[in-house]
Structures are given as structure tokens and as C-alpha cells.
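**Q** Structure provided below as C-alpha cells; questions to follow.
Each reported figure results from applying straightforward, stated rules to the coordinates on display, with no laboratory input. What you are looking at is a predicted structure, and each value in this text was computed from that prediction instead of being measured. In this analysis, Cβ positions are derived from the backbone assuming ideal geometry, glycine residues included, and neighbour counts consider all displayed protein chains.
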Amino acid sequence: MSAWPEHALAAASHADPYPYYRELARQGWTRDEGLGLWLAASHAAASAVLASPACLVRPPGEPVPAIWAGSRMGDTLGRWLRMSESPWHPPLRAAVVAAFAAMPLSAVQTCARQLAAAFLAEGAVTGKRLDALTDYLPAATLAALLGWPEPARGQVAAQVAALARALAADADAAARTRGEAACRDLLAQLACLPASGWLAAWRQAFAELGEASLHANLAGMLFQSFDAGAGLISAGMAWRCRQPWDGNDDKEWNRRLRADPVLHHTRRFVAEEVELAGQRLLPGDVVLVLLAAAAQDPAGPGEAMDFGRGRHGCPGERLALAIAKGALTALESARPDWAALAGSIRYRHLPNARIRRFGAGEMR
Ligand code: HEM
């Protein structure tokens, strides 16, 4: 691997992209003609883009990717908080934030720890098993809290994985077909869950928005937890491989996520001419907001940016951390061979997230 990532979309899976990011943060704005993207890398540039109403989460006129237009998946994506802009975004966001606030974090952490312990008890704690745990736990924990019965939770995590594969930029027709089927099945199951416990709180929060919005956003929440959640747990494990650390300390998470982030960038689509942090942007421009670079900008406040900022910032931050804390506690009790795992770490080739794999080199 070369000393410098080839470009910003290759940085998240590079062994040490941080000198590159610091150089980009020093420059503030960069134009990458090869990628056709503006890079907003300083803290000032990234924050200005995330705060600007001229910079949207979807290209104007394409509320969902054209390939999904007219499908059930397309209808679902179009209802997601993550894909929505004003005037739909503020009431949806208020509903999601209220639903998240209704679940005590201690219950989330306990549920994640118990599910992780049961998962690890089923076999030897190999690298592949740990990879499977990181893919299973975020969605399975949320499914358990929503009231999915025990035998179905692994299947929910598998369906969310199919959804994630279908929505990846390099998905082929077969992956998209499987994703559409998984989406339909998840929505059908969500409609049949008994409306008690946490799901009752979701229903109450979505009373004005309707059932279709509720079910789509529950599927959206499961999807949002999947890759980023796996990245967070695998980062905590990788740091533990080097030395013991206090995974229950939020300040420690912030410090480590600033130095070695999981979520490296997000995109914005410019809808109208605007000047942000000294850079003029035109309608049709696309901006890569380099959260990983902005977090390390010496001119910034010195905080992790993993969970984004502003009106689309992650409402699931505390839930995601509670799940990761539960996972790390269960893992400590399972006593894996941390030193052996340290030598097996690889990064998945994803453009925007740094997700470790521990079993890539194992035979099965
Ligand atoms: C339980 C797990 C999680 C849930 C339920 C969740 C949920 C969400 C939702 C619903 C949004 C859309 C917010 C909006 O558009 O208004 C979002 C955005 C975001 N999430 Fe999370 N998330 C989770 C885990 C994570 C993790 C682990 C990370 C980082 C490591 C992360 C990083 C982000 C970022 C950066 C955004 C903003 C993207 C943007 O501004 O374009 N999330 N999340």
C-alpha cells in the first residue's frame, strides 16, 4: 500500500490516511477534477456545508436513486429521514429523535451485551466469528428492542445486510433483487409486530406521520445501524487488540474516534449558488464533506466528527455507542486472543467508512 491514499474515496480503507487528511484540512477546500468532487476538509468548510440549506442530501430533482424509482425500495428510501429535506425533514426528525429518547441507554447496552454473549457462546471466538458479530449485533439489538422474537433476529440482521448490499454503489442486478425482497419482507414483518414496549413509543411519535412513514423509518434505522455500527464495534475491538482501554468512557470514545474515525465522509449536492468558508459553489456541484479530516483540523474545536453535525447529524449516536459498549463488555468476558487478532486486521473496501475485518485471512 502506498504512503498516501490514491484519492479521498480510497482513504477510509488506507492503513494510515491521517497525514493526507491533515494536509487536506490545512488547504480547507480542494477540487478533485478526477472524481468531479469538491473536498471540504477544514473544520470551517465542513461545518459550513453541513449547516447550509443550499447543500442537500440528495441531488435536486432526484429524491431517490433513479434505479429504484417505482419500486417498493424506492418508495421506502423516499420516506427515510436520511434522504429527506425541508419541509418533510423537521417533523420526521422530531419523531425519530422522540422515539430514540424513549429507550433508556442502559437497556440498550444490557440487551447488546446479552445478545453478544449468547452469540459468542455458540462457538470458538475466531476472527470470522467476531466479524459475524459486528454484522449481527447492531441490527439484532434494535430488532430485539422493537419486540422481534428471538429466533427471527438473526434473519433481520441478514435482511438488513441484503438491503445494505443492494444500496451499495457497485451493487449488481442480483443484489438489487435480493435487496428489494428483503425490504418488502422487513416492512411486512414490521407491520405484524405487537405494538408494545419501544414500538409503542415509535407509534406514538409517528402518530401524525402515518404507518407507511413509521415502517419505512424503522427499516431506515436498522439500515443506518448496520455498516456504521459494525465499524464502531470493530474499531473498539482493534484498539483493545493494542491495549486494554475503558470502553465505557464516552470521553475516551470521542478522543479515539477523533484520532481514528469510523465514518470518514458524507456527500452534499449544491442546489443554488452559495459561498461557504471562502469557496463559491454552483448548482450541480457535489461536495465530499471530509469528517475525518475536519476532526483533525488544528483550527477546529478538537472533537470527533464521526456522527456528523447539523440538521442531518446522527440521532442514533448514543444508541450506537451503547451497543458498542455492550459488545466490548461481552467480548472481554469471552477472552479472545487479542494479540493474535491484532495481526489479522484488514479494512473493508468501502469509500466512506473504516470497517475492520479480523477473519479475512482465516480458512473458514
Ligand atoms: C444504532 C445505530 C445508528 C442509528 C439508529 C443511526 C441512525 C441515523 C439516522 C436515522 C440518520 C439520519 C439523520 C438525518 O438525516 O436527519 C443518521 C445519520 C448519520 N449517522 Fe447514524 N445511526 C447509527 C449509527 C451510526 C454510527 C455508528 C455512525 C458513525 C460511526 C453514524 C454516523 C452518522 C452520520 C455521519 C450521519 C449523518 C450523515 C449526513 O449528514 O449526511 N451513525 N444516523
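**Q** Which residue out of Glu317, Glu272 is away from the ligand (no atom under 16 Å from the Cβ) and out of contact with any strand residue (DSSP E or B) (no Cβ under 7 Å at 6 or more places or on another chain)?
**A** Exactly one residue qualifies, and that residue is Glu272.
**Q** Restricting the search to the stretch 199-211, which residues are crowded, with 19+ Cβ neighbours inside 10 Å and in a helix (DSSP H, G or I)?
**A** Leu199, Trp202, Ala205
**Q** Here is a follow-up. In the stretch 316-364, which residues are more than 23 Å from Ala112 (Cβ to Cβ) and either part of a helix (DSSP H, G or I) or charged (D, E, K, R) (or both)?
**A** Ala339, Ala340, Ala342, Arg346, Glu362, Arg364
**Q** Right, something else. So, in the stretch 82-110, how many residues would count as being within 20 Å of the chain's Cα centre (by Cα), part of a helix (DSSP H, G or I) and within 30 Å of Glu332 (Cβ to Cβ)?
**A** 5
**Q** Scan the stretch 111-132 for residues that are away from the ligand (no atom under 15 Å from the Cβ), part of a helix (DSSP H, G or I) and not basic (Lys, Arg) and jot them down.
**A** Gln114, Ala117, Ala118, Phe119, Leu120, Gly127, Leu130, Asp131, Ala132
**Q** Which one of the conditions (1) among the hydrophobic types (A, V, I, L, M, F, W, C); (2) away from the ligand (no atom under 16 Å from the Cβ); (3) touching a Leu at 6+ places or on another chain (Cβ under 7 Å) does Ala327 fail to meet, given that it meets all the rest?
**A** (2)
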